[in-house]
1. On the basis of being over 22 Å from His342 (Cα atoms) and within 15 Å of the chain's Cα centre (by Cα), does Phe265 make the cut?
2. Taking the stated definitions as given, is Thr114 surrounded by 17 or more Cβ atoms within 10 Å (Cβ to Cβ), farther than 24 Å from His271 by Cα and not assigned by TED's automatic domain parsing to the domain that holds Gly223?
3. Criterion first (in the same structural domain as His141 (by TED's automatic domain parsing), at pLDDT below 95 and among the hydroxyl-bearing types (Ser, Thr, Tyr)) does Thr25 satisfy it?
4. Of the numbered conditions (1) over 24 Å from Val148 (Cβ atoms); (2) of a type in the set (S, T, N, Q); (3) crowded, with 23+ Cβ neighbours inside 10 Å, Ser40 fails exactly one; give the number of that condition.
5. Six or more apart or on different chains, Cβ under 8 Å: which pairs go from a residue in region 105-129 that's closer than 22 Å to Asn294 by Cβ to one that's modelled with pLDDT under 95 and β-branched (Val, Ile, Thr)? Could you list them?
6. Give the residue, chosen from Gly248, Gly173, that is of a type outside the set (A, V, I, L, M, F, W, C) and over 24 Å from Asn294 (Cβ atoms).
7. Is it true that some residue in region 33-42 is closer than 22 Å to Arg91 by Cα, in contact with a Gly (Cβ under 9 Å, 6 or more places away or on another chain) and among the aromatic types (Phe, Trp, Tyr)?
8. What are the pairs with Cβ atoms under 9 angstrom where one residue, in region 309-327, is within 13 Å of Leu267 (Cα to Cα) and assigned to a loop (DSSP other than H, G, I, E, B) and the other, located anywhere, is polar (S, T, N, Q) and modelled with pLDDT of 95 or more? Sequence gap at least six, or different chains.
Amino acid sequence: MIREAALVLADGSVFEGELIGAVPTSGVSSGEVVFNTVLSGYQEVITDPSYAGQIITFTTPHIGNYGVNASDFESRRPFCRGVIIRDLARRQSNYRSEASLEAMLVRYEISGITGIDTRRLTRLLRDTGAMPAAFGTTSEHELFAAAVAEPGTDGIDLVAQVTTPQPYTVGIGERLIVAYDFGIKHSILRDLCGLGRVEVVPASTPAAEVLGKKPAGVFLSNGPGDPAEVGYAVEAIRGLLGEVPVFGICLGHQLLSRAIGGETFKLPFGHHGGNHPVQHVPTGKVEITSQNHNFCVDPASIAERATVTHLNLNDNTVEGMRVRDVPAFSVQYHPEAGPGPHDAKYLFAMFSAMMQQPQDWVSGRPIGVTMGSNLMGYRAPDLIEPERGVA
């Protein structure tokens, strides 16, 4: 059955299409619209908690052709506000498929809209920046009112909506790594499990509680929203620095930067895709990376304590940094690559080496890990947040 719908942006732009997935209880789904340029991996994108508060536009026109399955979930459920698609596949065809994309959307009460001119929409967002919007089956007038009323992601603590309510442990081994869940992805946990036993803790966990567990290292995860609104996490990170090796990814990178006195700002339309070129500054080598973030670190604000190690070659924004006086480093992009290329897997090996030789890391002595080193992660999907499913 065709359900006619419309997408209305806060600037008044209107796009006509058809509703897919769940029917919103009020007839309206609203959020901040962003676009993602991956060619595949739509399930991993939709289930990435970093999209909380946002509506995802896929620039690839044909979505849903290989279905979905329980193993490829990146979190216990999707947290995005909706999806925008040019053409939803009529049937899925893949030996790993367990259900259709639309069945997954219905199960988790996520709405979507298809038949949209995503090319026009993407060009608009590139010119004006990420923008609040609303879509649904109600009138354009009501949709516009909902879009204007949508606050977006600025000044909002979205981490509290996605973090785990209680600690849990994945993997095996004597080495303990504590991972802060600001919106952690399952693929990150699989890589960390290759380094030891991982205890995942809520975002609000104090530093003293973490240090009481005597971890070999602490990981700061990805997550959604404005890093300036997660002050409790910044305070905890300050209490960890110098006491234990720290590695951060995405939001974790931004929070670590703020913990050493840095400032963050919002990018016009963010970085969302699987093919962003990033230069490793010390060697000049370039890696192709997976990215999903809206905020960025001001390089001048961290210069006193940190060295920028990675730069985005599209816009020269900071993609990685190394704190000089304590064993800590972070990257803005996603080395776990779920989805995306595996060029940056060496960063997990760097974290392992830093946990083994924290003083060598601070002194700048070689630690035996270089760009291009690979690391096979211990895969334990049955241990990771079992509250998953597709149909």
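1. For Phe265, the condition - over 22 Å from His342 (Cα atoms) and within 15 Å of the chain's Cα centre (by Cα) - is not met.
2. no
3. Values: in the same structural domain as His141 (by TED's automatic domain parsing): yes; at pLDDT below 95: yes; among the hydroxyl-bearing types (Ser, Thr, Tyr): yes.
So Thr25 passes the test.
4. So the condition that Ser40 fails would be (3).
5. Listed by first residue and then by second, the contacts come to Ser111/Val23.
6. Gly173
7. yes
8. Thr317/Gln332
The values are calculated or read from the model by the stated rules, or taken from the named source; none is laboratory data. These numbers come from a predicted model, not from an experiment. No Cβ is skipped: glycine too gets one built from the backbone with ideal geometry, and neighbour counts run over all protein chains shown.
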